[in-house]
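The block underneath contains the structure these notes are about, expressed in structure tokens.
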Amino acid sequence: MTSSLIRGRPRHATGHIGVRVGHAVLGGVTGAVWLVLPLMTTHAEDPVPAAAREPVAAARADGATGSDYVMPLVAVAAAGALGGYGYVRRVRRSRTRTTPGIVPVVPPVPSPADVERQARAALVLADDCVRTSREALGYVDGGEDVARALRAAEAELSAAFAIWRRYEEGIPADGAARRQALVGVVGRCAEAGRQLDAAAEGFDAAWDAGDALGVAEGRFRELAARTAGVADALAQAAGRYGNGAVGSVVGYVEQAKDRLVFATGRLNRARRDADSGDGEGARRQLRAAEGAVAQAGVLLGGVARLAADLRGAAGLLPAALTGAEAELAGVRATASPSRLSHADTVLAAVREELTGGPYDTVDALRRVVRAVEGAGGGRSGVIAAGAELVARSALGAADDFVGVHRGAVGAEARALLAEARRAAPSDADRPARRARELAERDVRAHGNPYAGEAARESGLAGAVLGGVLLGEEADGGPVVTFGGPETRVRLG
């Protein structure tokens, strides 16, 4: 890959320098010849005009000859030529230089905005590396060392996200301390990447030792066979609980099919490369297929999980309503009348939904839990179970969405998702739902640079959006695999 510095330099720049230097040298030589020529003619056989002989004779009378002036004049001309050459070089460097000519003893301090951008980019890169590595380990037993490296990277990334979230909340307040917090974010992300880079060789060895192609093809066939059943389950859930209840996974079956289309092409090419002895080509195609198949599994699994959550919430809701009324009765003497009134209204509305048409059972359970919490009720028994179900559903939905759209999702959504993971089950619902909203916003803003018909038919657009390919080139760019920043694109 050509560096940005080389790409930024005009190709004809060297030619301009040569022309200018040539002009300078030619001018110097011409001047020297012009000065020396009259003196050189004193030894020529051809007659010299009388007007030209008198100065020469005078010079000889002083003891100097014409040849005595030749070397000084040539030296002056050469100095002029070299000076012109140096001048042209200095002008050219001043126009094309991309870095300072003199490296300062103390480098310039980056602005707070620069450090913040660096921290955001570091978080996104580290999160991508961890997610990709986790998906890759789903196809091979990399051994304890590789698994330990992934756990260490996950721990460093979690710490980095925690620091970032405090920073976003204004903690610490001092400017120098805030800068140091951002430095800590970048350092934690770098350590996460280092752990994965160090384990990449071990992962490759384990991957090469197994039947990776057979495993990927088997998983592909399994998911392809599940697709129709998951689509039926989604349709049934929409009919039973309403379209709004399944809105968060609408389109997931189609996206899973898109990933499988991409995987089909890559698996076929991997098989051809393997048969022809092109081991490196087979690795590249196979690992791209593995990433797409893994994401197809996430998408289909997200639909199945939501259908199960809707059924679970429907079964828990009657008991949750009873438990909520008991909780409210226990706090009526001390709770705010307005909050009690609001809670009573919510419970009444949910009871009406139970006897009415299709409704979103997970959302109804969420409203019951929040009504009790808002009125000062405790989190025990069935209310705690309801809060856990709601939070688990929101957390899974947000994590799935970020994972299969990570080519477009920024640091804010990922940080909120990490906060939801750290929270107690009953507290994870709000940050998880907000993370999903921010991730959807990022995807809408990102758009689709691979919107052509060919890209859609081949599944290329989905593979780039999902981060299976880096999307740096028209064909989707290099494949991303297990590893940190230094090793994750080793397959080209």
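With r as the distance between the Cβ atoms of ALA474 and ALA329 and R0 = 56 Å, compute the FRET efficiency 1/(1 + (r/R0)^6) and round to 0.05.
For ALA329 and ALA474, the calculated efficiency is 0.25.
Taking only protein heavy atoms and a 1.4 Å probe, what accessible area per residue, in Å², does segment 203-243 have with all protein chains in place?
Computed with neighbouring chains in place, this is 53 Å² per residue.
What is the percent carbon and sulfur in the accessible area of segment 232-371, measuring with a 1.4 Å probe over the protein chains and ignoring ligands?
53 percent
Relative to the compact globular guide of 2.2 N^0.38 Å, what is the alpha carbon radius of gyration of segment 318-471, as a ratio?
My calculation over the Cα atoms of segment 318-471 gives 1.34.
Can you list, bin by bin at 10 Å, the percent of alpha carbon pairs in segment 276-400, starting at 0?
12, 33, 23, 12, 8, 6, 4, 1, 0
What shape does segment 99-244 have by the C-alpha gyration tensor, where a ≥ b ≥ c are the square roots of the eigenvalues, rounded means a/c under 1.5, and otherwise prolate means a/b greater than b/c and oblate the rest?
Cα axes put segment 99-244 in the oblate bin.
Order these peptides, 118-125, 335-342, by their mean beta-carbon neighbour count within 10 angstrom, highest first.
Going by the mean number of other Cβ atoms within 10 Å, highest first, we get 118-125, 335-342.
Taking only protein heavy atoms and a 1.4 Å probe, what accessible area per residue, in Å², does segment 372-492 have with all protein chains in place?
For segment 372-492, the per-residue accessible area is 39 Å².
Give, as a single signed number, the net charge of other residues whose beta carbon lies under 12 Å from the beta carbon of ALA237, with Lys and Arg counted +1 and Asp and Glu -1.
Once positives and negatives cancel, what remains is 0.
From the phi angles alone, apply the Karplus equation (6.51, -1.76, 1.60; θ = phi - 60°) to segment 426-437 and give each ³J(HN,Hα) in whole Hz, x where the residue is Gly or Pro.
For segment 426-437, the Karplus-derived couplings read 6, 9, 7, 4, 5, x, 5, 5, 5, 4, 5, 4 Hz, x marking Gly and Pro.
Ignoring any ligand, DNA or RNA, what whole percent of the accessible area of segment 114-204 comes from carbon and sulfur when the probe is 1.4 angstrom?
Heavy-atom surface of segment 114-204 belonging to carbon and sulfur, 1.4 Å probe: 52 percent.
Sort 284-295, 258-269 by packing, meaning the average of other beta carbons within 10 Å per residue, with the highest value first.
Going from most to least packed, we get 284-295, 258-269.
How high is the relative contact order of segment 341-397, given as a whole-number percent (alpha carbon pairs under 8 Å, six or more residues apart)?
37 percent
If packing is taken as the mean number of other Cβ atoms within 10 Å per residue, what is the order of 308-319, 472-483, highest first?
Taking the mean over residues of other Cβ atoms within 10 Å, the ranking is 472-483, 308-319.
Where in segment 117-145 is the amide nitrogen less than 20 Å from a point lying 7 Å along the Cα-to-Cβ axis of GLU169?
Label zone hits: 120, 123.
The values are calculated or read from the model by the stated rules, or taken from the named source; none is laboratory data. Owing to the predicted nature of the structure, the values given are computational and were not obtained by experimental measurement. As a convention, Cβ positions derive from the backbone with ideal geometry for all residues, glycine included, and neighbour counts pool all protein chains shown. Note: accessible area is taken over every heavy atom of the protein model, side chains too, but ligands, DNA and RNA are not part of it. Shrake-Rupley method; radii C 1.70, N 1.55, O 1.52, S 1.80 Å.
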